[in-house]
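Written below as structure tokens is the structure these notes are about.
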Amino acid sequence: MDSVAIKQIITALAVIANVLLGIIIFTGKRKSATSSLFFALTISLAGAAFANYFSLLPNLSDLTTLFWIRLVMFFGAPIGSIFYLFVRAFPGDKLPIHPIWQKIIISAGAINCVLAFTPLLFSGVTHKESGSISPIPGLGIGLYMAIMIIFLVLGIIILIRNYLKSKGDLKNELKYLIIGLGLTFGSIIFFNVIMVNVFKNSSFMFLAGVFTIFYVYFTGYSIVRYQMFNIKLVAAEISVILISLALLLQVFISASTLESLARALVWVLVSYGGWILIKSILNDIKQKEELAKLANELKKANDDLKELDSEKDNFLSMASHELNSPLAAIKGYLSMIIDEKIGGKLSRKQHQYLDVVYTSAKRLAHLVKDLLNVSRIEQGRIHLVNVETNINDIIKQSAMELSPNIKEAKHKLILNLDEKLPNSWWDLDRINEVVTNLLSNAVKYTDPGGRIEIATQTAHDKILVSISDNGIGIPRESIGRIFGKFEQGNMNRDQRKGTGLGLYIVKNLIELHGGKIWVDSVEGKGTTFFFTLPIHDHKPLDIHEKEGGVLRLK
């Protein structure tokens, strides 16, 4: 294979590669300004590379050589303007330039296109002593080069500025543009300037247009990688078109009419099948795009909900803290007035009214405590302060604290405790709160004169506790959600009896200890809560040990 054939193949491959890459990008996102301008740029560069090859062929007439040189300048004329617009649009779908300025920039490129085929750019050609042919510049060459250089320089400045200011994926996209641009200009400067003027070797001048493939490839790669074009669809479209054209060509070169008809039938069937394939891929892509859009909308909605939930938690935490101090003062003074008789003897009505206030203050204080607990749980601000204790002692303490309520309701409390249970390491106050909460619920949701039983036993390496009653029970449809925030087992009874936070707190405290909690209930017959706690023969590691009890539930 001679050198002429090699040059032809290299030029043809560069031209085809440029055009195909431009088509792929444009087809992948037809309504994008970036895609459209990239396609226009590849056509200009491919055309210039194609014409540049023929302008360098030997043994051409002066008129033919001048035609090819002018064709090179024609295809190269809008490159500066297109490059500038492309850099301004990249990587968006719209061109952020006022329409008037767009027309001015496009008009500047059009002026160069017009100059390319007039004597104002090149009036003819001249033969050098070395045997090479050079164009004779006209009066318009200065304007042509000024338009080209101004827009190229402005585009490069904007490209570098955007790169320095950008972050993340956009910075990577611009990096590939700059690499491609550097390789293209560097190659042209070395082979078409240094090699010709320093080493007097013009063998590689035909590669000037070929070197544009560096910029086109890196730019196309950046767009495809970061803009998520539908390459599957584009590849299918190009494949179907090429196969269809090849089959259509076979129709016209057939040896007989019958062979032409047979090949025409094959062409129709293959083309129709290709169209069906493209249509199915397009539908698949549309469905995926719709799902992606819905997923993004759902993600945004979830993010908004998380933000609102966080703001709500912050508000509850702040409000609870602010309410806690004045409530403590109110309760303290009311206790001194009512229980300790400080301030003098009260009349019956005064005692009655203050007792109502005192009861409401205690109820409100309980609500504030629950809100604080929930806030600390969700913010991860609770840690365990473990001490060695026995679950039976905790249960007896809770039963003693609630004995006035149990007596007032005339319930019978049965403690069926395994006295051989081993000690273990738990947070005493928090397990006490768990037992007190569950026992309090049994008292509240059992009609007067009911029966309540607390039992303990070992279950492998855990301790199992059950608290059962013969009260109103929990409806079947409510059992699955009673451990949620603000959930209540029986709304009709619970509206005046609780906040729906107690079981949520209990569940989290049990799980913080590595245990589990569950419930078994039949509406109208009673409820049994079960929970397990692990048995530790030594104090568990506490990464918050030095913090003390500053975040303890109070």
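List of remarks:
- Using θ = phi - 60° and Karplus 6.51 cos²θ - 1.76 cosθ + 1.60, couplings along the stretch 263-278 (whole Hz; Gly, Pro as x): 5, 5, 5, 4, 4, 5, 5, 5, 5, 5, x, x, 5, 4, 4, 4
- Lys/Arg +1, Asp/Glu -1 at C-beta; the stretch 12-142 dipole; positive extreme among Pro135, Pro99, Asn112: Pro99
- Rounded percent of accessible protein surface that carbon and sulfur make up, the stretch 75-132, 1.4 Å probe: 68
- Computed over protein heavy atoms with a 1.4 Å probe, the carbon and sulfur contribution to the accessible area of the stretch 271-363 reaches 62%.
- Using θ = phi - 60° and Karplus 6.51 cos²θ - 1.76 cosθ + 1.60, couplings along the stretch 464-476 (whole Hz; Gly, Pro as x): 9, 10, 10, 10, 10, 9, 10, x, 6, x, 10, x, 4
- Highest mean packing first, where packing is the average number of other Cβ atoms within 10 Å per residue, the peptides 297-310, 108-121 line up as 108-121, 297-310.
- Distant-in-sequence amide H partners of Ser123 (H built 1.01 Å from N, under 5 Å): Ile136, Gly138
- By average C-beta atoms within 10 angstrom, highest first, the peptides 67-80, 470-483: 67-80, 470-483
- Rg [Å, one decimal], Dmax [Å, integer] - the stretch 351-411, C-alpha atoms: 16.4, 44
- In the context of the full set of protein chains, residues of the stretch 43-100 present 43 Å² of accessible surface per residue (probe radius 1.4 Å, heavy atoms only).
- Close amide-amide hydrogen proximity is noted between Lys516 and Thr532, each under 5 Å apart and 5 or more residues distant or on a separate chain (H modeled in the peptide plane; Pro and chain starts excluded).
- Accessible area per residue, Å², the stretch 395-474 with all protein chains present, probe 1.4 Å: 48
- Rounded percent of accessible protein surface that carbon and sulfur make up, the stretch 392-445, 1.4 Å probe: 51
- Over the stretch 58-182, relative contact order from alpha-carbon pairs under 8 Å, at least 6 apart, %: 28
- Over all pairs of different C-alpha atoms in the stretch 424-467, the reciprocal of the mean inverse distance, the Kirkwood hydrodynamic radius, equals 12.0 Å.
- Size check on the stretch 72-117: the Cα extents along the three principal axes, sorted descending, read 34, 20, 11 Å.
- The string of couplings for the stretch 340-355 from the Karplus curve (6.51, -1.76, 1.60, θ = phi - 60°) is 9, 6, 6, x, x, 6, 9, 6, 4, 5, 4, 4, 5, 5, 5, 5 Hz, one whole number per residue in order, with x for Gly and Pro.
- Near Leu174: Cβ cut-off under 11 Å, other residues only, Lys/Arg at +1 and Asp/Glu at -1. The net charge is +3.
- Restricting the GluC sites (Glu not before Pro) of the stretch 407-460 to loop positions (DSSP other than H, G, I, E, B) with no more than 16 neighbouring Cβ atoms within 10 Å leaves Glu419.
- Relative packing of peptides 33-44, 271-282 - highest average C-beta neighbours within 10 Å first: 33-44, 271-282
The values are calculated or read from the model by the stated rules, or taken from the named source; none is laboratory data. Computed from a prediction, not measured in an experiment: that's the story for all the values here. All Cβ positions, even for glycine, are placed from backbone atoms using ideal geometry, and neighbour counts span all protein chains on display. Areas reflect the complete protein model, heavy atoms only, side chains present, ligands, DNA and RNA absent. Shrake-Rupley method; radii C 1.70, N 1.55, O 1.52, S 1.80 Å.
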